[in-house]
Amino acid sequence: MMEKSNGLSLELIVHPGETIKELLNDKNMNQEELAIRTGYSAKHISEVLSGKKSISSKFANSLEYVFNIPTEFWINLQGIYDKELLELEKLNNIKEEEFIILNELKDIVKYCENYNIIDKGLNNALKVITMRKFLEVNDLTVISSLSFEQIAFRTSKKVKVNINVLYAWKRLCEYLTENIDIENTFNKEILKNKCIDIKNTMFLSVNEMMSELKRIFSECGVVFRVVHHFPGAPVQGFIQRKKDKVILCMTIRQSFSDIFWFTLFHEIGHLLNEDFDNQYIDYNFTDNETEKKADLFARNYLINESDYQEFIAEGKLNIKRINSFAKTQNVLPSIVIGRIQNDIKDYTFMSSYKDKYKWI
């Protein structure tokens, strides 16, 4: 059974004809006299008053002369009625599958409520309609088809992905960045020159780092934002080109700083290679040439390859040597540890020394 909607039942939707009835009573005027005064047939007046006919612009103009109430008032009154009827119709057409999808999106719905993106306290039926609007779809069940058409993403069988949550996260990225204005258009040469400044921010406090990253990226024509992650959307990065600017969104899903920084420079690699003809969502990197190029850029920019190979060849991988080598590469020790973990395929190696970023 569908829940009854709060404040949107058929009994509470008032046709403009009811307002005309009230005015007729106040003026002690009957329908026949209104027909004469407006120049419309008695049948037309009867159908408007009974809610069978809408108030047209022309009829609204006639009502202005009779009741001295502006035409716009009657047009707006009819518009409100039509909108409420449409909303009620939408409620009655919600599929059971949409309630299932709404439950899948519960974490994103809660996030949107907490940050006043959508209204709080709605019942499930109205939440479906609200999420339809936010996600820009007429039916939540179409998301899975829309996602495959509009997103170029890569994953593996080991990663559990909920397409509905993934699409909602992408839409959240768009929403959170759409009103951020930056003066510059995207310029990959400026971005290339700013990479050293971007790298240097890893030594700042988290708040200062985020502030500086936003500023530096804006100079390159990139809107940068770290967006909350949600179960079902194991994302790490998202790129989208919007006219002259580019959106770059990141998460701290895996919390370790080395993953954050590798992913960030991986996305920068995509930007420098102009890999945004499609929208990109990265949450697991695969072995195609586009991804290999972005991976290679991230690895080599963070740590010089020849220096790293020389460091590894010397052996004695202890924290003192790692700290010393990290300084020569101008990176956090976590970056070096993460690189070693990836190469030896042992992610427990010195993991206690790795920095983490967490949501507050």
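Given the residues Thr201, Thr251, which is the only one that is among the hydroxyl-bearing types (Ser, Thr, Tyr) and in contact with a His (Cβ under 8 Å, 6 or more places away or on another chain)? Lay out the reasoning, then the answer.
Values: Thr201 fails: in contact with a His (Cβ under 8 Å, 6 or more places away or on another chain).
Result of the check over Thr201, Thr251: Thr251.
With the condition kept exactly as written, say whether any residue in segment 225-238 is crowded, with 17+ Cβ neighbours inside 10 Å and farther than 25 Å from Glu113 by Cα. Can you show your working first?
Pass one, segment 225-238, residues crowded, with 17+ Cβ neighbours inside 10 Å: 225-227, 229-230, 232-238.
Right, trim to farther than 25 Å from Glu113 by Cα and you get none.
Scanning segment 225-238, I find no residue that is crowded, with 17+ Cβ neighbours inside 10 Å and farther than 25 Å from Glu113 by Cα, so the answer is no.
Please verify whether segment 342-355 includes one or more residues that are in contact with a Phe, Trp or Tyr (Cβ under 6 Å, 6 or more places away or on another chain) and in contact (Cβ under 8 Å) with a residue 60 or more places away in the chain.
In the first step, residues of segment 342-355 are kept if they are in contact with a Phe, Trp or Tyr (Cβ under 6 Å, 6 or more places away or on another chain); the result is 354.
If we keep only those that are in contact (Cβ under 8 Å) with a residue 60 or more places away in the chain as well, we get 354.
For segment 342-355, residues in contact with a Phe, Trp or Tyr (Cβ under 6 Å, 6 or more places away or on another chain) and in contact (Cβ under 8 Å) with a residue 60 or more places away in the chain: present.
Looking at segment 41-125, what helices (runs of 4 or more DSSP H) fall wholly within it and have at least 1 residues that are in contact with a helix residue (DSSP H, G or I) (Cβ under 7 Å, 6 or more places away or on another chain) and over 30 Å from Phe230 (Cβ atoms)? Full working, then the answer.
Working: elements: 42-49, 57-67, 71-92, 96-104, 106-114.
The qualifying helices (runs of 4 or more DSSP H) are 42-49, 57-67, 71-92.
When you go through Lys214, Lys199 one by one, which is the residue that is outside any strand (DSSP E or B), more than 17 Å from the chain's Cα centre (by Cα) and over 30 Å from Asn164 (Cα atoms)?
Values: Lys214 fails: over 30 Å from Asn164 (Cα atoms).
The match here is Lys199.
Listed here are the residues, each with its yes/no results for (1) out of contact with any Leu (no Cβ under 8 Å at 6 or more places or on another chain); (2) closer than 19 Å to Ile13 by Cα; (3) surrounded by 14 or more Cβ atoms within 10 Å (Cβ to Cβ); (4) free of Cβ contacts under 8 Å to residues at least 24 places away in the same chain.
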{"position": "Asn25", "(1), (2), (3), (4)": "yes, no, no, yes"}
{"position": "Glu33", "(1), (2), (3), (4)": "yes, no, yes, yes"}
{"position": "Ile55", "(1), (2), (3), (4)": "no, yes, yes, no"}
{"position": "Thr71", "(1), (2), (3), (4)": "no, no, yes, yes"}
{"position": "Glu98", "(1), (2), (3), (4)": "no, no, yes, no"}
Q: Taking Glu291 as the residue in question, decide whether it is modelled with pLDDT under 90, on the phi < 0 side of the Ramachandran plot, charged (D, E, K, R) and not assigned by TED's automatic domain parsing to the domain that holds Leu332.
A: yes
Q) Given the conditions (1) at pLDDT 90 or above; (2) surrounded by fewer than 19 Cβ atoms within 10 Å (Cβ to Cβ); (3) closer than 20 Å to Leu166 by Cα, which single one is not true for Leu264? A) (2)
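The values are calculated or read from the model by the stated rules, or taken from the named source; none is laboratory data. Computed from a prediction, not measured in an experiment: that's the story for all the values here. Cβ sites come from the backbone with ideal geometry, for glycine too, and all protein chains shown count toward neighbours.
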